[in-house]
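First the structure, in the form of structure tokens, and then the observations on it.
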Amino acid sequence: DMKNAELALFELSRVISLEPDHPEVFEQRAEILSPLGRISEALSDLTKAIQLQPSARLYRHRGTLYFISEDYATAHEDFQHSLELNKNQPIAMLYKGLTFFHRGLLKEAIESFKEALKQKADFIDAYKSLGQAYRELGNFDAATESFQKALLLNQNHVQTLQLKGMMLYHHGSLDEALKNFKRCLQLEPYNEVCQYMKGLSHVAMGQFYEGIKAQTKVMLNDPLPGQKASPEYLKVKYLREYSRYLHAHLDTPLTEYNIDIDLPGNFKDHWAKNLPFLIENYEEQPGLQPHIKDVLFQNFESYKPDVQELICVADHLGSMMQYETPGFLPNKRIHRAMGLATLEVMQAVQRTWANSKVRMNGKTRLMQWRDMFDIAVKWRRIADPDQPVLWLDQMPARSLSRGFNNHINLIRGQVINMRYLEYFEKILHFIKDRILVYHGANNPKGLLEVREALEKVHKVEDLLPIMKFNSKTRDGFTVNTKVPSLKDQGKEYDGFTITITGDKVGNILFSVETQTTEERTQLYHAEIDALYKDLTAKGKILILSAELGEVDAVCNLILSLVYYFYNLMPLSRGSSVIAYSVIMGALMASGKEVSGKIPKGKLVDFEAMTAPGSEAFSKIARSWMNLKSISPSYKTLPSVSETFPTLRTMIEVLNTDSSHCLKKTIVVV
């Protein structure tokens, strides 16, 4: 009650003015100020109370307020002080873990959550947080075990059901995910996340009627005036429109239509940019047509033996694309989709080198480089309909002329993006070089001072003082990487942009982005066109005579072509795994098979983006690919595009359970 709160504040302030050395009065006032949103006043009261008489409770209280204010480092110090004064505090220990978790320090967070569970064995929130930390690390089994333990203590714990369902969805276990979302909705019928995810899981599995019903429920949940719309509410209209489109095309041959051309330009632009659905004169997709039935579950045994073989081989190939880096949860649905994409690319490239035409987008013609990538795009799209995987150069001209940015925060304030940790040093080296070049040209007198200062820079944060050396870079600076041309020696293209800004407190924003403008796209396309032409010519020779030199040249051309694709980043999502499946498929067409896994901590897109040129990228990629001669049994596999000619057949094969692939010894591998 506001009136009572104001009265209490008045009374407490009077007490403080009369007797200013009682810590409990400051704490009481802070307890009233913080729910009123007057956090900074509450913090200064708690600081005063701590100065008068420090205690575990006061430090914990202040730490919680810093935590709410997203000042995780200071909050961490307070929880640490609190635990030093009284080590048996499971809640303080949980919060200490959460201050690590929110800064991307997952291993430290896990230790704290485990410590909290030693102090309180039935601590549901600690099990839930532990599960979430393991999920962020990409450790599916450990996360599952922690979520299970939380649910054993309380089977109706909605947050755990929601988080476990989300993890199962992103692991590709859609059936299991659905069970969690349904249970969550029984307990909390208005839970938007569970409702949205239920709709998404149904649609991904081809159950469009149930999916759209759940999506419509989210759409009806309008935010109140002045209330911020949830991410689910913002995304659901796009998903519903896309779901209707997919349903209408379930049985149309995939070769006869093109999603990038069919979906309205503004719809694609808004969807890819994650904007609210405010599209002028938008014409909705037609509702579900009753004669088009939902996708039915296909039993693995109902496929012919050679198709079963194809699925098992695809599962294996897809697993070769998995990043062994914190933050990447293995997704068996994506593995299968991209494994099938790899095989379809292999078969299409072989046909092209043997002078056969392909049928794409309603036309029969010789395959172009974009067709090769479109095979992988098609599979990546259907594996997770939540993500708009769209060609950026097919967006409306207006949005292209403004530039389309793929943006990644590496450090934002106190939050570190664990996925890219391996690359911080490499990028820092590059920035230091650029700073020296800049000062050499614009500030030759101060060059020595800058050089000495740079020698003391060991992490990104250390760059902030150096920015002060020049009035132009005082508030921050951007640096562009350069991508050398193979076509025109000596020419360079813009790679990605690194931005560093800092505020007075020392919080930094360290981010990278690729800017897709029309001009930049055309330059890269010309480069990829030339490489593809060369690749096709060499591939045709290779099919006639398998000389070792030719195989090597073809391999380098494939890796160079994809090097430019990675640096262009031409898709709104999924560029990385799409490009890698094209590498694997095209190499297999040339008779070489990738047998090595991507090393721990390495991300192929970042390897390409931070390599000094295409040759350096080829060399690095070949060092782990461990290329071997392809097994002859790949030749006998059925055609992927003929076996799965429609969306319905693609969804069926992604849904089917193939757990006994592991029991069969796969002939090919």
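The values are calculated or read from the model by the stated rules, or taken from the named source; none is laboratory data. Everything numeric here is computed off the predicted structure, so don't read it as measured data. As a convention, Cβ positions derive from the backbone with ideal geometry for all residues, glycine included, and neighbour counts pool all protein chains shown. All accessible areas refer to the heavy atoms of the entire protein, side chains included, with ligands and DNA or RNA removed. Shrake-Rupley method; radii C 1.70, N 1.55, O 1.52, S 1.80 Å.
Summary table
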| item | result |
| --- | --- |
| Principal axis dimensions, the range 404-516 - Cα atoms, whole angstrom, descending | 43, 36, 24 |
| Rounded to 10°, Cα long-axis angle of helix 124-137 versus longest principal axis of the chain | 40 |
| Size-normalised alpha-carbon gyration radius of the range 116-238, reference 2.2 N^0.38 Å | 1.11 |
| At 0.890 mPa s and 25 °C, Stokes diffusion of the range 50-192 via Kirkwood alpha-carbon radius, µm² per second | 155 |
| Principal axis dimensions, the range 98-163 - Cα atoms, whole angstrom, descending | 29, 25, 18 |
| Interatomic Cα distance distribution for the range 283-429, bins of 10 angstrom, percent | 8, 22, 33, 25, 10, 1, 0 |
| Relative contact order (%) - criterion: Cα under 8 Å, at least six apart; region: the chain | 13 |
| The chain: angle of helix 174-187 to the longest principal axis, Cα-based, in degrees nearest 10 | 30 |
| Positive-end extreme of charge dipole, the chain - chosen from V345, S201, N4 (charges on Cβ) | V345 |
| Sequence-separation-based contact order of the range 43-136, relative, with Cα cut under 8 Å and 6+ spacing, percent | 20 |
| Convex hull (Cα only) mean projected area of the range 555-669, reported in nm² to one decimal | 8.8 |
| Built amide H within the under 5 Å cut-off of T517, gap 5+ | F404 |
| With DNA, RNA and ligands ignored, accessible area of H316 (1.4 Å probe; Å², nearest 10) | 50 |
| The range 404-516 - accessible surface per residue (Å², probe 1.4 Å) | 56 |
| Those Cys residues of the chain for which no other cysteine Cβ falls under 4.7 Å | C555 |
| Principal axis box of the range 19-121, alpha-carbon based, largest edge first, Å | 45, 25, 20 |
| With at most 12 other Cβ atoms within 10 Å, longest stretch of the chain clear of loop GluC sites (Glu not before Pro) (DSSP) | 285-546 |
| The range 532-575-the range 300-332 distance, computed between alpha-carbon centres (Å) | 24 |
| Rounded to the nearest 10 Å², the accessible area of M625 at probe 1.4 Å | 0 |
| Taking the C-alpha atoms of the range 190-278, convex hull volume expressed per residue in Å³ | 95 |
| Relative contact order for the range 404-516, counting Cα pairs under 8 Å that sit 6 or more residues apart, in percent | 34 |
| Carbon + sulfur, % of accessible area of the range 289-354 - ligands and nucleic acids excluded, 1.4 Å | 60 |
| Crossing angle, helix 208-219 versus the chain [Cα axis fit, 0-90 degrees, rounded to tens] | 30 |
| Inter-centroid distance (Cα atoms) of the range 423-443 relative to the range 153-217, Å | 48 |
| Rg to Rh, two decimals, where the chain supplies the alpha carbon set and Rh follows Kirkwood | 1.00 |
| Helical mean residue ellipticity (222 nm; -39500 (n - 2.57) per DSSP H run of 4+; nearest 500) of the chain | -18500 deg cm²/dmol |
| Descending semi-axes in Å of the range 351-395, equivalent ellipsoid built from Cα gyration tensor | 24, 12, 9 |
